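Participant: Mind having a look at this structure? Questions to follow.
Just so it is clear, none of the values below were taken in a lab; they were calculated from the coordinates. Remember, predicted model here, so these are calculated numbers, not experimental data. Note: ideal-geometry Cβ built from the backbone for every residue, glycine included; neighbour counts use all protein chains shown.
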Amino acid sequence: MMSSEYREIDKFTSAIQVIFPKLMHSLNAEESRELTGLGITPSQINALLVLYFHDSLTMGKLSSEIYLAESAATRLVNRLVNLNLVKRRGDDKDRRVVRVSLTAYGRQLSRLVFDRRSFRFNNLAQRLDPMERENLIISLQAVMRVFEEHEKPASPKENDNHSEPE
């Protein structure tokens, strides 16, 4: 039976402030152990995995997918090019557009990281009962929905209602 203990906003807020840092630490620690010796950062791995699931992306789309400003994404891609993990090329239809894709080595490394993450999450799934798995996914989807709604720029009408007089 599910507890209703966290339905109160104050208790929810306190619990989430304890849980999220520990969760992020656990995920980051595991990722760091996997990356030791490769000279690759978690941000670079995220970029490789995004490219792993898309054959080729423009710099703008890649920066959006990894939540970095385009200038920061460009620096990240430069480092990945130097590590022979990605390649850059001009777009066939628009010479101003730069497309980024994985090299064979980048694809191999991305597959390895993806397989390790899959193993880790399969292990987690086996330790949860089916109802816990379902509740976890539904809850995480709700968290992402709220974060995405919060990140959306306000419409001009909403801005007018909240703007200070000039």
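Participant: When the Cα centres of the stretch 34-57 and the stretch 110-131 are compared, how far apart do they sit, in Å?
Facilitator: If you average the Cα positions of each part, the centres end up 18 Å apart.
Participant: Related question: GluC sites (Glu not before Pro), restricted to the stretch 1-81: which are DSSP loop and have at most 14 other Cβ atoms within 10 Å?
Facilitator: GLU8
Participant: Note the count of lysine pairs whose C-alpha atoms are less than 23 angstrom apart in the chain, limited to pairs 8 or more residues apart or on different chains.
Facilitator: Number of lysine pairs found: 4.
Participant: While we're looking at this one, here's another question. Using a simple charge model, +1 on the beta-carbon of Lys and Arg, -1 on the beta-carbon of Asp and Glu, nothing else, what dipole does the chain show about its Cα centre, in debye to the nearest 20? Present the calculation step by step, with values, prior to reporting the outcome.
Facilitator: Working: 24 positive and 23 negative charges, 230 e Å.
So the dipole magnitude of the chain works out to roughly 1100 debye.
Participant: Further question: If you take the square roots of the eigenvalues of the alpha-carbon gyration tensor of the chain and sort them as a ≥ b ≥ c, do you get rounded (a/c under 1.5), prolate (a/b over b/c) or oblate?
Facilitator: Oblate, since a/c reaches 1.5 and b/c is not below a/b.
Participant: Hey, another quick one. Hey, could you pull the Cα Rg and Dmax for the stretch 16-96, both in Å?
Facilitator: 14.9, 50
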